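A short worksheet on the structure shown next.
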């Protein structure tokens, strides 16, 4: 889905009407959707990983909102105010796209740690597989 949105946005940006706001917003949200879906795909592990979908949704929303807000700021002028010592667009990128996900994702991971990591049964199964590999003379990775 995110790749299709990116393709449509790029097609619209290089179209005869020229680049506009909507292709840029489409690319921002397609990037956010791609990152969020990759996190969800990497972290998903059976029924235990449902809480991690909240983390990937939070990541998608924070990155998409930060990129969109930065794009809508436009070019800063010399009279524009500074946010934390930065022009508004740069501040939104650094704080909204860089800092906010760096704070949100670890919190969600900590809240879902018990459900998303290997339990005692999973660890025992791994030990049994390792022992079976050792008895066959195989090397462990």
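Every number in this text was worked out from the coordinates using simple rules, so none of it is lab data. Because the structure is a prediction, the values reported are computed rather than measured. Every residue, glycine as well, gets a Cβ built from its backbone with ideal geometry; the counts of neighbours run over all protein chains shown.
Where does helix 2-13 land angle-wise versus the long Cα axis of the chain, in degrees 0 to 90, nearest 10?
20
Nearest 10 degrees, 0 to 90: what angle lies between the long axis of helix 100-111 and the longest principal axis of the chain (Cα atoms)?
30
Calculate, for residue 134 and residue 13, the FRET efficiency according to 1/(1 + (r/R0)^6) with r their C-beta to C-beta distance and R0 41 Å; round to the nearest 0.05.
Rounded to the nearest 0.05, the efficiency is 0.15.
Under a point spin-label approximation (7 Å from Cα along Cα-to-Cβ), what is the residue 42-residue 82 distance to one decimal in nm?
3.5
Output the relative contact order of the chain, whole-number percent, from Cα pairs under 8 angstrom with separation of 6+ residues.
21
Just to confirm my numbers, what's the Cα centroid distance between region 1-41 and region 95-130 in Å?
29
Give me the angle, in degrees from 0 to 90, between the Cα long axis of helix 120-135 and the longest principal axis of the Cα atoms of the chain, rounded to the nearest 10.
Approximately 60 degrees, to the nearest ten.
Residues of region 107-124 with amide nitrogen under 14 Å from the 7 Å Cα-to-Cβ point of residue 54?
107-116
Going by average Cβ neighbours within 10 Å, how do the peptides 74-87, 26-39 rank, with the highest at the top? Please list the in-between numbers first.
Working: 74-87: 10.1, 26-39: 19.4.
Going from most to least packed, we get 26-39, 74-87.
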